[in-house]
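Participant: This is the structure, below, for whatever I ask next.
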Protein chains: 2
Amino acid sequence: MKYAKIVATGIYVPQKVMTNEEFERITHMNIEPHYSQVLGITHRHISSEEETPAYMAAEAAKKALERAGMKPKDIDLLILGTDTPEAISPPTATKVQYLLGMHEHKTPAFDVNASCANGALLLDIASRYISMGDYRNVLVIGTYAMTKFLSWKYPWEALFSDGAGAVILSASEEPGYLGATMMTDGSWWYNWGIYMGAGKADLKAIENGLHKLDFRAPYPAEVNEEGWPALVNKLLKKIGRKLEDVGLILFTQVRKKSIVKVMEKLGLPMEKTHTVMEKYGYTGSACVYMALHDAIEEEKTKDLEAKLVIFITSGVGYQQIATAFIWRE
Amino acid sequence: MKYAKIVATGIYVPQKVMTNEEFERITHMNIEPHYSQVLGITHRHISSEEETPAYMAAEAAKKALERAGMKPKDIDLLILGTDTPEAISPPTATKVQYLLGMHEHKTPAFDVNASCANGALLLDIASRYISMGDYRNVLVIGTYAMTKFLSWKYPWEALFSDGAGAVILSASEEPGYLGATMMTDGSWWYNWGIYMGAGKADLKAIENGLHKLDFRAPYPAEVNEEGWPALVNKLLKKIGRKLEDVGLILFTQVRKKSIVKVMEKLGLPMEKTHTVMEKYGYTGSACVYMALHDAIEEEKTKDLEAKLVIFITSGVGYQQIATAFIWRE
């Protein structure tokens, strides 16, 4: 048995910025002060036509490779998570593999979709590939281009921002990866999604707007505010660790006020988490990797040696996943 | 370390059948004798509006659960593979989880997409979850509804058929799962796919037909005819086994003549493979599970005890994956 260790991160953020004020001016809808005060979002990044999910993913990966001092050929497996795919088929991962020049080495690449809960899930899957000893370096990427699916006519669309985050994991003799836990509740299937798909991929569906993000019923804040602490406790029990061992805990960057509440409920100080929605808006599958990258940039991981780093991600469907690592410099 | 053992299978096949003759009559295109003689396909199953990818997946899973003598609550993890998803988001797996009543137990569920190479990949991922000891019973499902993405105006569309296949894997003290190998070549990204996705999900894209399966350049037959034997040899080397150990080898059911050639190249008799394209047409992500199910039905697995069973799957992108098990009754 090997352990999977996080060795490097990289992110990509589209240049174009839309502030809350601009969103209000363009859409004639009021989102303030709710967006800046409750959600923690003051602006969003909007991907251009060229900044597709695959393009952003490849750019984030290049930065992670550079930081790891690796070449594309050093990667044994690429796993990409998104619910805003480049295409319905082939998988977005195969295009990213090509953009990175990894096709020359026939590096395996596939997609995973647990919607915005991808962040913690990909780390779990990658760690299992590494743990069994036959994969050394695994590149995971979360990429998100939800603004391409917006109608720009509902206030809740102000939530979304585009971007990508990449993490490289490598085999190590010491932990590393400790474990993960997850839960799904498919009875939420119809609440929120892009319902264009098999059987609906026709002109009638388009006329009905099914190619756009559809918001049918809200998730109550309790889903995360009660669900996240429960998930953290379940994970700690599973891996035989205590809350005191936690050095850093990163959540899906969806609502700052919920993160504050969850940290209070857990009895952890706000210094033990890190948020980036203030910088990057909500970037779905990419957001916990962007939060980790930013925490590293701000030297928040400097004193984490041998402490727990926990990733908690949530997504429509409904899904929640928590994955734990022991941090090693 | 535990081992993952295949314990049961189930399939779902849509009622509506279209023969080659009917295809020719409806589309005014000639596909015979090529389809029956080279591809091995005499008819295809067309899913109705109600027979969506999620519906077919749930029906196949119900049959596998019944055969395994299990209830939905006995399943610890559901992994679904498709490149014809129910929707772009949420993942199809979450809807299937709900249809199976597993939401009551919050059973984790997520999607994987390695296009039509999903079959062998899902077995690999599921086996790794089981091997690490924290998941006992994993349900994997391949579901395929490609006829919903057809324009019915090209002869190559006669290839596609709909259906679903499910496999349940359980933890075991003896192998079981031995390993897998895979390769991707993303330089084939543009050959064949459904290119509707992020950035293209607008009316202009629809006018250009991007919501339909697009075939831009053929994959030469060598991709499988040379790729499959190479992959089998790579896999055998990795798991330290010999060709003589092979009891059954199941391929993506895409072209019967290629399977005959590959078996010849490997020096294996045709009795050591099993084909179902004659019964079910080409069913993408579902096809190797349907082939295994049919082999079990026809008692071809009766004398396989302790022999190797190998799954070889290929898909657009381009991806090839091979996964090996020791068969246990």
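The values are calculated or read from the model by the stated rules, or taken from the named source; none is laboratory data. Please read all numbers here as calculations on a predicted model, not as lab measurements. Quick reminder, even Gly has a Cβ in these numbers, built from the backbone with ideal geometry, and neighbours come from all protein chains shown.
Participant: Return yes or no: is A:Tyr144 assigned by TED's automatic domain parsing to the domain that holds A:Gln15 and out of contact with any Gly (no Cβ under 9 Å at 6 or more places or on another chain)?
Facilitator: Spelling it out, it is not the case that A:Tyr144 is assigned by TED's automatic domain parsing to the domain that holds A:Gln15 and out of contact with any Gly (no Cβ under 9 Å at 6 or more places or on another chain).
Participant: What number of residues within segment B:94-104 are within 9 Å of another protein chain (Cβ to nearest Cβ) and touching a residue at least 24 places away in the same chain (Cβ under 8 Å)?
Facilitator: The total comes to 6.
Participant: Does A:Leu308 qualify as being more than 29 Å from B:His103 (Cβ to Cβ), modelled with pLDDT of 95 or more and touching a strand residue (DSSP E or B) at 6+ places or on another chain (Cβ under 6 Å)?
Facilitator: Here the answer is yes, as A:Leu308 does meet what is asked.
Participant: Within segment A:48-90, can you find the residues that are more than 15 Å from A:Ser285 (Cα to Cα) and among the polar types (S, T, N, Q)?
Facilitator: Within segment A:48-90, A:Ser48, A:Ser89 qualify.
Participant: A follow-up question, please. So, in segment B:171-196, how many residues would count as being buried (at least 20 other Cβ atoms within 10 Å of the Cβ) and without any contact (Cβ under 8 Å) to a residue 40 or more places away in the chain?
Facilitator: Qualifying residue count, segment B:171-196: 2.
Participant: So, B:Ala221, is that one more than 9 Å from chain A (Cβ to nearest Cβ), small (Gly, Ala, Ser), free of Cβ contacts under 8 Å to residues at least 60 places away in the same chain and surrounded by fewer than 18 Cβ atoms within 10 Å (Cβ to Cβ) or not?
Facilitator: Answer is yes for this residue.
Participant: Then there is this: Within segment A:44-55, how many residues are more than 10 Å from chain B (Cβ to nearest Cβ) and crowded, with 20+ Cβ neighbours inside 10 Å?
Facilitator: Here the count works out to 2.
Participant: Looking at (1) at pLDDT below 95; (2) closer than 20 Å to A:Asp83 by Cα, which one does B:Lys2 not meet, given that it meets all the others?
Facilitator: Every condition holds for B:Lys2 apart from (2).
Participant: Something else now. Considering only segment B:170-201, how many residues are of a type in the set (Phe, Trp, Tyr), facing another protein chain (nearest Cβ under 7 Å) and touching a strand residue (DSSP E or B) at 6+ places or on another chain (Cβ under 8 Å)?
Facilitator: 1
Participant: Looking at the structure I just gave you, is A:Glu86 closer than 23 Å to A:Lys212 by Cβ, surrounded by 23 or more Cβ atoms within 10 Å (Cβ to Cβ), more than 15 Å from the chain's Cα centre (by Cα) and not assigned by TED's automatic domain parsing to the domain that holds A:Ile296?
Facilitator: So A:Glu86 fits the description; yes.
Participant: Can B:Ser285 be described as over 20 Å from B:Leu123 (Cβ atoms) and among the small types (Gly, Ala, Ser)?
Facilitator: no
Participant: Surrounded by fewer than 24 Cβ atoms within 10 Å (Cβ to Cβ), touching a Leu at 6+ places or on another chain (Cβ under 6 Å) and assigned to a helix (DSSP H, G or I): does that describe B:Glu157?
Facilitator: In short, yes.
Participant: Among A:Asp134, A:Asp162, which is the only one that is free of Cβ contacts under 8 Å to residues at least 40 places away in the same chain and either closer than 18 Å to B:Ser89 by Cβ or not polar (S, T, N, Q) (or both)?
Facilitator: A:Asp134
Participant: Here's a follow-up. Confirm whether A:Leu139 is in contact (Cβ under 8 Å) with a residue 12 or more places away in the chain and within 12 Å of chain B (Cβ to nearest Cβ).
Facilitator: Answer is no for this residue.
Participant: Please go through segment A:108-146 and pick out each residue that is touching a Pro at 6+ places or on another chain (Cβ under 9 Å), crowded, with 24+ Cβ neighbours inside 10 Å and either among the hydroxyl-bearing types (Ser, Thr, Tyr) or at pLDDT below 95 (or both).
Facilitator: Scanning segment A:108-146 gives A:Ser115, A:Thr143, A:Tyr144.
Participant: Continuing with this model, one more query. Test of understanding: among A:Val254, A:Val316, A:Val223, A:Val288, which residue is outside the structural domain of A:Gly119 (by TED's automatic domain parsing), closer than 18 Å to A:Leu159 by Cβ and more than 15 Å from the chain's Cα centre (by Cα)?
Facilitator: A:Val223
Participant: Of all the residues that make up segment A:1-11, how many are in contact with a helix residue (DSSP H, G or I) (Cβ under 8 Å, 6 or more places away or on another chain) and away from chain B (no Cβ under 14 Å)?
Facilitator: Residues in segment A:1-11 being in contact with a helix residue (DSSP H, G or I) (Cβ under 8 Å, 6 or more places away or on another chain) and away from chain B (no Cβ under 14 Å): 6 in total.
Participant: When only residues in segment A:68-91 that are free of Cβ contacts under 8 Å to residues at least 60 places away in the same chain and in contact with a Gly (Cβ under 8 Å, 6 or more places away or on another chain) count, which is farthest from the other protein chains (Cβ to nearest Cβ)?
Facilitator: Once the filter is applied, the top-ranked residue is A:Pro72.
Participant: Filter segment A:146-157 down to the residues that are away from chain B (no Cβ under 12 Å) and in contact with a strand residue (DSSP E or B) (Cβ under 7 Å, 6 or more places away or on another chain) and list them by number.
Facilitator: Result: A:Tyr154, A:Trp156.
Participant: Can you tell me which residue among B:Glu329, B:Glu297, B:Glu244, B:Glu305 is more than 14 Å from chain A (Cβ to nearest Cβ), out of contact with any helix residue (DSSP H, G or I) (no Cβ under 8 Å at 6 or more places or on another chain), farther than 22 Å from B:Thr9 by Cβ and not β-branched (Val, Ile, Thr)?
Facilitator: Just a single option satisfies the conditions, and that option is B:Glu244.
Participant: Exactly one of these conditions fails for A:Ser115: (1) at the interface with chain B (Cβ under 8 Å from one of its Cβ atoms); (2) under 21 Å from the mean Cα position of the chain (by Cα); (3) on the phi < 0 side of the Ramachandran plot. Give me its number.
Facilitator: With (1) at the interface with chain B (Cβ under 8 Å from one of its Cβ atoms); (2) under 21 Å from the mean Cα position of the chain (by Cα); (3) on the phi < 0 side of the Ramachandran plot applied to A:Ser115, the lone miss is (3).
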